[in-house]
Amino acid sequence: AQTVTQSQPEMSVQEAETVTLSCTYDTSESDYYLFWYKQPPSRQMILVIRQEAYKQQNATENRFSVNFQKAAKSFSLKISDSQLGDAAMYFCAYRIVPFTGGGNKLTFGTGTQLKVEL
Amino acid sequence: DVKVTQSSRYLVKRTGEKVFLECVQDMDHENMFWYRQDPGLGLRLIYFSYDVKMKEKGDIPEGYSVSREKKERFSLILESASTNQTSMYLCASSRRHPGVYFGPGTRLTVT
C-alpha cells in the first residue's frame with residue numbers, strides 16, 4: 001500500500017524568509033504524481049504544485065518549488081519570500097498513473113501547519 | 001473554473017439519524033471522491049467512484065455508503081450516525097488526468 005509521511009506537524013517562518021516542508025512516500029509503482037495542497041483556515045483545499053515522477057526536473061510555481069528525490073522517495077516543498085497569506089495547512093499527496101479505475105485515489109499525508117510571523 | 005459544491009457547510013445531527021451529504025461537480029468529471037479530515041490524521045479516503053454506479057471502498061468505509069446515480073452527483077450516506085463520525089467531510093472530483101478539485105467541505109457534528 002502507498003503511504004505518505006509528513007513528519008513536521010508544525011513549522012514557523014518569518015515573513016520574507018524561506019521555509020522547507022518535508023514529505024516522504026512509499027510506493028512500488030514507477031509512474032505516479034506527487035502534489036502539495038494548501039488549505040487556508042476555514043477555506044477550500046487548493047493545489048499548490050505537482051510533480052510527475054518520470055520528470056527529473058523539479059517543478060516550480062512562482063515562489064513555490066519542490067525538491068524531488070525519486071530514489072530516496074522524498075518530495076519537499078520550498079516556499080521562498082514567505083508571505084502572511086502562505087499561513088495554512090499543507091498536505092503532501094500521491095496518485096498513481098493511470099487515473100482510471102480502481103487505483104485512482106489520491107493518498108494524503110497528515111499535514112504540516114505553517115505559521116508565518118512578522 | 002471547475003466547481004465542486006457540497007450541500008451544507010455545517011451540519012448538526014443526532015446519534016442514530018440517517019445523514020446524507022451531497023456533492024455536485026459541473027465539469028463532467030469521471031472520478032469523484034469522499035474524504036474525511038481529522039486533526040493529526042490528515043485526509044482519509046472513505047469511498048470513491050470512477051464512473052456512474054461504480055464505487056470502490058477507500059481506507060475507512062465502515063459506517064458509510066455512497067451513491068452515484070448521475071455523473072455529476074456523488075452522495076455520502078451515514079446510515080446511523082455516531083459521535084465518532086463527527087468530522088470534516090471533503091468531496092473531490094477529477095477527470096482522467098492529475099488534477100483533483102475539492103469542494104469547500106461539510107463540518108458534521110453528531111451529538
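Given segment A:3-117, what count of lysine pairs have C-alpha atoms under 20 Å apart, with each pair 8 or more places apart or on different chains? Final tally of qualifying lysine pairs is 9. Comparing mean-square fluctuations of A:Tyr54, A:Tyr94, A:Tyr33 from a GNM of chain A with C-alpha springs under 10 Å, the top value falls on A:Tyr54. Mean-square fluctuations from a GNM of chain A, with a 10 angstrom spring cutoff on Cα atoms, peak among A:Ala53, A:Ala71, A:Ala87 at A:Ala71.
Counting only other chain Cβ atoms within 10 Å of each residue's Cβ, the peptide B:31-43 averages 4. Legend: mean number of C-beta atoms from other chains within 10 angstrom of residue C-beta atoms, peptide B:92-99, equals 5. Around B:Lys53, what is the net charge, scoring Lys/Arg as +1 and Asp/Glu as -1 over all other residues with Cβ under 9 Å from its Cβ? Once positives and negatives cancel, what remains is 0. Partners of B:Lys55 within straight-line reach, counting aspartates and glutamates whose Cα lies under 18 Å from its Cα and excluding those fewer than 8 residues away in the same chain: B:Glu22, B:Asp28, B:Glu30, B:Glu69, B:Glu72, B:Glu79. Of the residues A:Ser42, A:Ser30, A:Ser65, the one that moves most in a GNM of chain A with alpha-carbon contacts below 10 Å is A:Ser42. Projecting the Cα atoms of A:Leu77, A:Met89, A:Ala53 onto the dipole axis of segment A:3-117, where Lys and Arg carry +1 and Asp and Glu carry -1 at the beta carbon, places A:Ala53 farthest toward the positive end. At q = 0.13, 0.16, 0.19 Å⁻¹ the log10 of I(q)/I(0) for chain B amounts to -0.43, -0.65, -0.92, computed by Debye summation with a single uniform scatterer per C-alpha, solvent ignored.
Work through the residues other than B:Arg95 whose Cβ is under 11 Å from its Cβ and net out their charges, Lys, Arg +1 and Asp, Glu -1. All intermediate terms of the calculation are to be shown ahead of the outcome.
On the way: positive: B:Arg96; negative: B:Asp28, B:Glu30.
Counting the neighbours of B:Arg95, the net charge comes to -1.
Between the DSSP loop rule and a limit of at most 15 other Cβ atoms within 10 Å, which GluC sites (Glu not before Pro) in segment A:29-87 are left?
Working: sites: A:Glu29, A:Glu52, A:Glu61; in loops: A:Glu29.
Here the GluC sites (Glu not before Pro) that fit, given the DSSP loop and packing criteria, are A:Glu29.
Let me check I've understood the local charge: for B:Glu22, count other residues with C-beta under 12 angstrom from its C-beta, Lys and Arg +1, Asp and Glu -1. What total comes out?
Values: positive: B:Arg68, B:Lys70, B:Arg73; negative: B:Glu69, B:Glu72.
So the environment of B:Glu22 carries a net charge of +1.
For segment B:4-110, what is the relative contact order in percent, using Cα pairs closer than 8 Å and at least 6 residues apart in sequence?
Details: 281 pairs, mean separation 39.5, N = 107.
Averaging sequence separation for qualifying contacts and normalising by length gives 37 percent for segment B:4-110.
Taking 16 Å as the straight-line reach from the Cα of B:Lys3, the lysines in range (excluding those fewer than 8 positions away in the same chain) are B:Lys71.
Here, each number is a calculation from the coordinates, and none is a lab measurement. For clarity, every value in this text was computed on a predicted model and none was experimentally measured. Backbone-built Cβ (ideal geometry, glycine too); neighbour counts: all protein chains shown.
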